[in-house]
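The values are calculated or read from the model by the stated rules, or taken from the named source; none is laboratory data. A quick note: this is a predicted structure, and the numbers were derived from the prediction, not measured. For neighbour counting, all protein chains shown are included, and Cβ atoms are generated from backbone atoms with ideal geometry for every residue, glycine included. Accessible surface areas use protein heavy atoms only, side chains included; no ligands, DNA or RNA. Shrake-Rupley method; radii C 1.70, N 1.55, O 1.52, S 1.80 Å.
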Amino acid sequence: MAEEDKKSLTRQQRRLLRRIYNGRMAPIFADGKPFLSFKDASQYLLSIAPEARAAAYLEMKNQA
């Protein structure tokens, strides 16, 4: 189960990302890449290492 937890976003992270990206017209940048949708942002976050994921999530959160 711990391995699965490392590969997924927490419920709190998913909820905040959905709120941030709901109806967004201007992109949010993380690691120099623009994101306009929850799907794009969550796929990117899941594709990177957990340490980098936390940093990118905070970067998205601070721009919202």
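Worth pointing out:
- The portion of the accessible surface of the chain made up by carbon and sulfur, rounded to a whole percent, is 53 (1.4 Å probe; DNA, RNA and ligands excluded).
- Choice from Ala52, Ala26, Ala41 with maximal GNM fluctuation in the chain (Cα, 10 Å cutoff): Ala26
- Per residue, the solvent-accessible area of the chain (1.4 Å probe, heavy atoms of protein chains only, all protein chains present) comes to 71 Å².
- The structure-derived value of semi-axes √(5λ) of the Cα gyration tensor in Å appears in the list [x] 26, 12, 8; [y] 23, 12, 10; [z] 20, 12, 9 under the label [z].
- Spin-label pair Tyr44/Lys61, simplified geometry with 7 Å Cα→Cβ offset, distance in nm: 1.7 nm
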